[in-house]
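**Q** Following this message is one structure expressed as structure tokens.
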Amino acid sequence: MKILVLNSGSSSIKFQLFEMTERRSIASGIIENIGDGTAKAKIYSDHGATQETAVIRNHQEGMAVIERLLNQSGVLQDIGSLDAVGHRVVHGGETFREPVIIDDEVISAINDLIPLAPLHNPANLEGIITVLQKAPQTVQVAVFDTAFHQNMPPSSYLYALPYELYEKYRVRRYGFHGTSHYFVAKKAAECLDRPLEQLRIITLHLGNGSSAAAIKYGVCIDTSMGMTPLEGLVMGTRSGDVDPGVLFYLARQMNLSIDEIDTLLNKESGLKGICGVNDMRTIMQLADKGDERALLALEIFCYRIKKYIGAYSASLGGADAVVFTGGIGENSAFIRAKVCEGLEYMGIEIASEECRRQDGIVTLHSRDSRVNVLAIPTDEELEIALQTQQLLQKKIAT
Ligand code: AMP
């Protein structure tokens, strides 16, 4: 069974082809700079890597290039020969609590959610409509970034704002990175050889965008991102939590417009705002050389995560596992150790040396630790493929 996973952005399409009988990715790639004159297309497969530049004016042309590259790599005849296509869709609002097979109604609902994700949902829809035009018979599934968080209780998802804003404008916390939080929580349960339904897990997705989630017996009960992916942890260029009073102050003092404040918080804050650089590897190199701002950025980044671990431990009534993932969480032993420093009071005891298993999972906790601390590589594309396969099998069975 072959499933293609698509992550369509406004000027890019990331793709990954899975052979589900082996649960294995057999090709992956990206088309970048769509509509920019010269687009770049890359594909990696068992048969090697290919890269080319071409004029790709829109997503339709992008899909045609993806189809050709997959065909030339010998992994797929054409889009029509796929068993299904799984799409990452950023915002499912309150409409979608789980993945769905895409039909006209679903397309219209994703369209209705555009005000909540004005950059992402239109791009995701482009990908869906392109496949629909190219291969109308192919089953398409939408997997939402927000869906895993849809079981949060109102005490977690409501802001203390006039209730009418929730009723009329859907102002509430939705959370993002849901596919990743769910994937690593499942993996943690597998790794600990215990059912997910018996575990209290704090998952930390730390990358350019970062978020934490509190998962109680398989259900997400709180997460750090809010109505938009701006709330919560310190990120590459996003501020995370900030007193909203700061915005009024800046608007008045600096005469900043709404758009300027939006840019400031989303693109010029976070790690970049503190030390001028958003890439964690570069920040760590600067910190090694004694750069004070880089050291400060590291302190603030780790302290904010530690605060969320404390908060979520309270929400969960204690934690059985803390799981690090994302580019930073998976790769930086330094950040992991710094985040866990001083958490012995809650049963986190870190071993003197980390232990890496063959499958890439890292165990950090010591034998005496009450809490398991793991670093688990996330694989959102595989999770989308698995959820797509499940729906396809259900459809075939009925
Ligand atoms: P992501 O958005 O999940 O791809 O993560 C990107 C972030 O991971 C960037 O800030 C990278 O600098 C960071 N990263 C990747 N590898 C490492 C590493 N070995 N140590 C520290 N940070 C890393």
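**Q** Restrict the check to the stretch 165-186 and report whether at least one residue is open to solvent by 60 Å² or more (accessible area, probe 1.4 Å), polar (S, T, N, Q) and touching a strand residue (DSSP E or B) at 6+ places or on another chain (Cβ under 8 Å).
**A** no
**Q** Return the residues of the stretch 218-271 that are in contact (Cβ under 8 Å) with a residue 60 or more places away in the chain and within 16 Å of the ligand (Cβ to nearest atom); say none if nothing qualifies.
**A** Passing the criteria: Ser224, Gly232, Leu233, Val234, Gly240.
**Q** Just give me the residues in the stretch 1-34 being of a type in the set (Val, Ile, Thr) and closer than 17 Å to Ser73 by Cβ, in sequence order.
**A** Ile3, Val5, Ile13, Ile26, Ile30, Ile31
**Q** Are there any strands (runs of 3 or more DSSP E) wholly within the stretch 32-99 with 3 or more residues that are without any contact (Cβ under 8 Å) to a residue 60 or more places away in the chain and open to solvent by 40 Å² or more (accessible area, probe 1.4 Å), and if so which?
**A** Strands (runs of 3 or more DSSP E) meeting the threshold: 39-45, 48-54.
**Q** Gly86 fails exactly one of the following numbered conditions: (1) under 23 Å from His181 (Cβ atoms); (2) among the small types (Gly, Ala, Ser); (3) modelled with pLDDT under 95. What is the number of that condition?
**A** Of (1) under 23 Å from His181 (Cβ atoms); (2) among the small types (Gly, Ala, Ser); (3) modelled with pLDDT under 95, only one is false for Gly86: (3).
**Q** Return the total of residues in the stretch 118-155 being open to solvent by less than 20 Å² (accessible area, probe 1.4 Å) and not β-branched (Val, Ile, Thr).
**A** Counting residues in the stretch 118-155 that are open to solvent by less than 20 Å² (accessible area, probe 1.4 Å) and not β-branched (Val, Ile, Thr) gives 14.
**Q** Just a yes or no: is a residue in the stretch 220-232 farther than 17 Å from Ile309 by Cβ, of a type in the set (Gly, Ala, Ser) and open to solvent by 10 Å² or more (accessible area, probe 1.4 Å)?
**A** For the stretch 220-232, residues farther than 17 Å from Ile309 by Cβ, of a type in the set (Gly, Ala, Ser) and open to solvent by 10 Å² or more (accessible area, probe 1.4 Å): absent.
**Q** Name, by its number, the condition in (1) within 16 Å of the ligand (Cβ to nearest atom); (2) assigned to a loop (DSSP other than H, G, I, E, B); (3) among the small types (Gly, Ala, Ser) that does not hold for Ala160.
**A** Just one mismatch for Ala160, condition (1).
**Q** Among the β-branched types (Val, Ile, Thr), open to solvent by 10 Å² or more (accessible area, probe 1.4 Å) and within 18 Å of Met63 (Cβ to Cβ): is that true of Ile107 in this structure?
**A** Yes, satisfied.
**Q** Say whether the condition of being within 11 Å of the ligand (Cβ to nearest atom), open to solvent by 10 Å² or more (accessible area, probe 1.4 Å), within 21 Å of Ile376 (Cα to Cα) and touching a strand residue (DSSP E or B) at 6+ places or on another chain (Cβ under 9 Å) is met by at least one residue in the stretch 292-306.
**A** Checked against the condition, which is being within 11 Å of the ligand (Cβ to nearest atom), open to solvent by 10 Å² or more (accessible area, probe 1.4 Å), within 21 Å of Ile376 (Cα to Cα) and touching a strand residue (DSSP E or B) at 6+ places or on another chain (Cβ under 9 Å), the stretch 292-306 yields no hits at all.
The values are calculated or read from the model by the stated rules, or taken from the named source; none is laboratory data. Just so you know, these numbers come straight off a predicted model, no measurement behind them. Please note: Cβ atoms are built from the backbone with ideal geometry, for glycine as well, and neighbour counts cover all protein chains shown. Areas reflect the complete protein model, heavy atoms only, side chains present, ligands, DNA and RNA absent. Shrake-Rupley method; radii C 1.70, N 1.55, O 1.52, S 1.80 Å.
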